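Presented below is the structure to which this report refers.
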Amino acid sequence: MPFDFKKEYKEFYLPRDIPGAVTLPQVNYIAVRGEGDPNEADGAYQQAIGVLYAVAYTLRMSKKAGKELEGFFDYVVPPLEGFWQQEGTDGFDPARKVDFHWISVIRLPDFVTREQFDWVVEEATRKKKLDCSAAEFLTVEEGLCVQAMHHGPFDGEAATVERMNAWAAANGYECDFESGRLHHEIYLSDARRVPPEKWKTVIRQPIRRREG
């Protein structure tokens, strides 16, 4: 049966507006790392997105291109996601865009091996005439997180994050940005076609049970 990422996100990862806890399994991604303001025109973040989609759609269309990848099945390319970190803080401040360190990602289907991934990156570079060597095979197991749906522009995320932190504190949790755990966003709206006031973004923050 064809695997539909959009259906999976609705069933397992699409949160309500009210924050809640979720435990996430291990997931593989196409990933590109960088830093700086994501809104910079033709900046590193915009270039990273170009690489991600070049690799993602080369993989998606590999069968039609005559490449038989073992285990391949038809699927819908999932939404863009991002892991975010800032120097000098354990939290997340969307106003300090120049201080961002980010990992921009698109989820990989489970059948994709590292060997297959390497071929896809080389093929995307050749077919798209775009250097895709920055793309890496990244495995993440987020574990326990608080998540909620944010509605509207990214600059308004601080209020949603504040609600999430308040929910966590009220339910016996605390933020846990240790051991490389990161703020995570899943972009469910196409910013090129949807006005900012209608954007939907899944926001996740790592948490742990509060001791005492």
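The values are calculated or read from the model by the stated rules, or taken from the named source; none is laboratory data. This one's a predicted model, so the numbers in the text were calculated from it and none came from an experiment. Heads up, the Cβs are rebuilt from the backbone with ideal geometry, glycines too, and the neighbour counts pull from every protein chain shown.
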List the number of the failed condition for Trp199; all other conditions in (1) touching a Ser or Thr at 6+ places or on another chain (Cβ under 6 Å); (2) among the aromatic types (Phe, Trp, Tyr); (3) crowded, with 19+ Cβ neighbours inside 10 Å hold. (3)
Going through Ala168, Ala158 one at a time, which residue ends up being touching a residue at least 12 places away in the same chain (Cβ under 8 Å), among the aliphatic types (A, V, I, L, M) and surrounded by 19 or more Cβ atoms within 10 Å (Cβ to Cβ)? Ala168
Members of region 132-146 found to be under 23 Å from Val32 (Cα atoms) and touching a residue at least 24 places away in the same chain (Cβ under 8 Å), listed by number: Cys132, Ala134, Ala135, Glu136, Phe137, Leu138, Thr139, Val140, Glu141, Glu142, Gly143, Cys145
Just to be sure before I move on: is Glu136 over 18 Å from the mean Cα position of the chain (by Cα), at pLDDT 95 or above and surrounded by 14 or more Cβ atoms within 10 Å (Cβ to Cβ) in the structure I sent? no
Mind listing just one residue for me: the one in region 95-130 that is free of Cβ contacts under 8 Å to residues at least 60 places away in the same chain and assigned to a loop (DSSP other than H, G, I, E, B) and, of those, nearest to His184 (Cα to Cα)? Arg96
Determine, yes or no, whether Arg193 is at pLDDT below 95 and of a type in the set (Lys, Arg). yes
Failed condition for Asp90, given (1) assigned to a loop (DSSP other than H, G, I, E, B); (2) at pLDDT 90 or above, with all others met? (2)
